[in-house]
Amino acid sequence: MVHIIHPHERDAGTAQTAGMRREAGVSAKTTGSKGLWMGTGVNDPGACSDVHHHGESESGIYIVRGRIRFRWGDKLEHVQDAEPGDFVFVPPFEIHSEENLDPDNPAEFLLARNTMDAIVVNVPDPRAG
């Protein structure tokens, strides 16, 4: 059966990371999906997410609005900015964080994962000494 999930039907009870908000659109809970998770994400103006990874999931991110600085690597030593229209691929177990570079407006993005669970493992910032 086809499911259409309207914005007010998204699941805000999905796994979260400080500094961003996620809502599930396509998930086991919202559609009965068995192998796909999709949702939306928002970083508030100037907000940076805590460091995290998504376990065994591959993650695809599509930037809808705003500029987001991605940091990744064992010490978050890699840095690259993404803007509207860019796709970002995050491999399994890759620790990373997302920072909204705009101090005045939220950054918005779409998320897709190849597991039905919205796996989020928050980890200590490796730069903290």
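The values are calculated or read from the model by the stated rules, or taken from the named source; none is laboratory data. All values reported here derive from a predicted model rather than from experimental measurement. For neighbour counting, all protein chains shown are included, and Cβ atoms are generated from backbone atoms with ideal geometry for every residue, glycine included.
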Report summary line: Selection from segment 1-32 of residues buried (at least 18 other Cβ atoms within 10 Å of the Cβ), among the hydrophobic types (A, V, I, L, M, F, W, C) and in a loop (DSSP other than H, G, I, E, B) yields M20
Report summary line: Of G85, G35, the only residue that is of a type outside the set (A, V, I, L, M), in a loop (DSSP other than H, G, I, E, B) and modelled with pLDDT of 95 or more is G85
Query raised in the report: Which residues, taken from segment 68-82, are over 15 Å from T17 (Cβ atoms) and either among the β-branched types (V, I, T) or part of a loop (DSSP other than H, G, I, E, B) (or both)?
Result: G73, D74, K75, E77, V79
Requested in this report: Consider only pairs whose beta carbons are under 8 Å apart and that are at least six residues apart or on different chains; among these, list those whose first residue lies in segment 80-95 and is loosely packed, with under 14 Cβ neighbours inside 10 Å and whose second residue is polar (S, T, N, Q).
Outcome: F89/S59
Report task. Search segment 54-66 for residues being within 14 Å of the chain's Cα centre (by Cα), not small (G, A, S) and not in a strand (DSSP E or B), and hand back the single one that is surrounded by the most Cβ atoms within 10 Å (Cβ to Cβ). Result -> H54
Query raised in the report: What residue, among those in segment 41-51 that are under 10 Å from the mean Cα position of the chain (by Cα) and surrounded by 18 or more Cβ atoms within 10 Å (Cβ to Cβ), is nearest to H3 (Cα to Cα)?
Result: G41
Query raised in the report: Among the residues of segment 109-124, is any charged (D, E, K, R) and touching a Lys or Arg at 6+ places or on another chain (Cβ under 9 Å)?
Result: no
Query raised in the report: When segment 88-129 is examined, which residues are found to be out of contact with any Pro (no Cβ under 7 Å at 6 or more places or on another chain), of a type in the set (S, T, N, Q) and part of a loop (DSSP other than H, G, I, E, B)?
Result: N114, T115
Report task. Could you please let me know if S59 is in contact (Cβ under 8 Å) with a residue 40 or more places away in the chain, in contact with a Ser or Thr (Cβ under 9 Å, 6 or more places away or on another chain) and either of a type outside the set (D, E, K, R) or within 13 Å of E98 (Cβ to Cβ) (or both)? Result -> no
Query raised in the report: Quick one: which of V26, V42 is closer than 21 Å to V121 by Cα and touching a residue at least 24 places away in the same chain (Cβ under 8 Å)?
Result: V42
